[in-house]
Amino acid sequence: MPAFPNLLFVFGDQWRAQACGYAGDPNVRTPNIDAFAAQSVNLRNAVSGYPVCSPYRASLLTGQYPLTHGMIVNDQRIRGNPASIADALNAAGYDTAYIGKWHVHGPRRSAFIPPEDRMGFKHWLGFECTHDESILIPFLLRWPASLGMEAREVKSPLNSPDVMPTMLGLCGAPIPDSVEGCDFSPTILGEDEVDDGGAYLACYCPFHQIKYNTGGRDFRGLRTVRYTYVRDHLGPWLLFDNEADPYQMYNLAQNENLCAEFEAMLQRKLKKLNDPFALGCQLLRKFNVRMNEEWGDMHYEW
């Protein structure tokens, strides 16, 4: 494997995995992405386990889950001082840069981001906020020197906190001890099949468009290669067979045996991540988050 490959990671808000030409969607035209996909490894079960702007970015930057980095709703700051992906790459001899929406600098959305709050990125063209819909996201990885030029798929579910350790693993850079995500680089390189027990899904506290009074609820769940399982505080809520039912039209939550199997898997994941599945209101108090009752969102300023 070549040492220190160049790394360019491009991501956007509200981009469903299905909304690409290479994924078979006739409603979109993405010729350049399709050409890229024809030469890439497609992680077809990559997910954003908590598909919300700030929490996703915090997990991407730190390799941690929201209950650790503290970003359970938008417009907060990352708690503690975790090593970032930029810190790790800088230590390995890389020159790092961030361009685009930042959204992890607290409630002032138009604020200038001072150098000490850029989490180690040496070059900067970022801004705090502009303004996710579904958990399944597009994730293509092109690296001709090590992965070749032929399109292929990796089915292992890759979650947001897994991106940082996986990229560091591919770059040959050390992974900080503070990282909670899993390194899937051996799977991508075809060396070993990594199994992390499914991608962990969560809504820690419904807010914004999905607040409690519009049907939102706290939940935890898993996305495996084949199934999506979700439970709320009352028990199993959603269970879909994504191979037989890719549009998730038929809820299988009445299948007690299958739910019991996934519930056991989920409980193992919760234990591993030290997640007691607390109520959203309890987490808001724990992280000292003050919500705007009218909007169901955190207080912020432009």
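The values are calculated or read from the model by the stated rules, or taken from the named source; none is laboratory data. Not measured: the values here are computed from a predicted model. With ideal geometry, Cβ positions are generated from the backbone for all residues, glycine too; neighbour counts draw on all protein chains shown.
Report yes if Ser110 is under 19 Å from Asp183 (Cβ atoms) and in the same structural domain as Asp34 (by TED's automatic domain parsing), otherwise no. Steps first, answer last, please.
Details: under 19 Å from Asp183 (Cβ atoms): no; in the same structural domain as Asp34 (by TED's automatic domain parsing): yes.
No, not satisfied.
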Quiz item: Is one or more of the residues making up the stretch 195-202 touching a Phe, Trp or Tyr at 6+ places or on another chain (Cβ under 6 Å) and crowded, with 20+ Cβ neighbours inside 10 Å?
Solution: yes
Restricting the stretch 6-53 to residues that are under 15 Å from Leu147 (Cβ atoms) and in contact with a Phe, Trp or Tyr (Cβ under 6 Å, 6 or more places away or on another chain), the one surrounded by the fewest Cβ atoms within 10 Å (Cβ to Cβ) turns out to be Ala37
Within the stretch 19-39, residues more than 9 Å from Pro138 (Cβ to Cβ) and touching a strand residue (DSSP E or B) at 6+ places or on another chain (Cβ under 8 Å) come out as Phe36
Result of the Cβ filter at 8 Å on the stretch 191-215, keeping first residues that are under 18 Å from Asn74 (Cα atoms) and partners that are at pLDDT 75 or above and among the basic types (Lys, Arg), at least 6 apart or interchain, is Leu201/Arg220; Leu201/Arg223; Ala202/Arg220; Cys203/Arg217; Pro206/Arg217
(request) Answer yes or no as to whether Met291 is of a type outside the set (Val, Ile, Thr) and under 29 Å from Ala17 (Cβ atoms). (result) no
Within the stretch 24-62, of all residues that are over 20 Å from Ile175 (Cβ atoms) and of a type in the set (Phe, Trp, Tyr), the one modelled with the highest pLDDT is Phe36
The one condition Ile210 fails out of (1) at pLDDT below 95; (2) buried (at least 21 other Cβ atoms within 10 Å of the Cβ) is (2)
Expected single match for surrounded by fewer than 22 Cβ atoms within 10 Å (Cβ to Cβ), under 19 Å from the mean Cα position of the chain (by Cα) and modelled with pLDDT of 95 or more among Ala91, Ala86, Ala97 is Ala86
Counting only residues that are out of contact with any strand residue (DSSP E or B) (no Cβ under 7 Å at 6 or more places or on another chain) and under 15 Å from Lys269 (Cα atoms), the stretch 205-246 contains a total of 1
Given (1) surrounded by fewer than 18 Cβ atoms within 10 Å (Cβ to Cβ); (2) out of contact with any Asp or Glu (no Cβ under 8 Å at 6 or more places or on another chain); (3) among the charged types (D, E, K, R), Lys122 misses just (2)
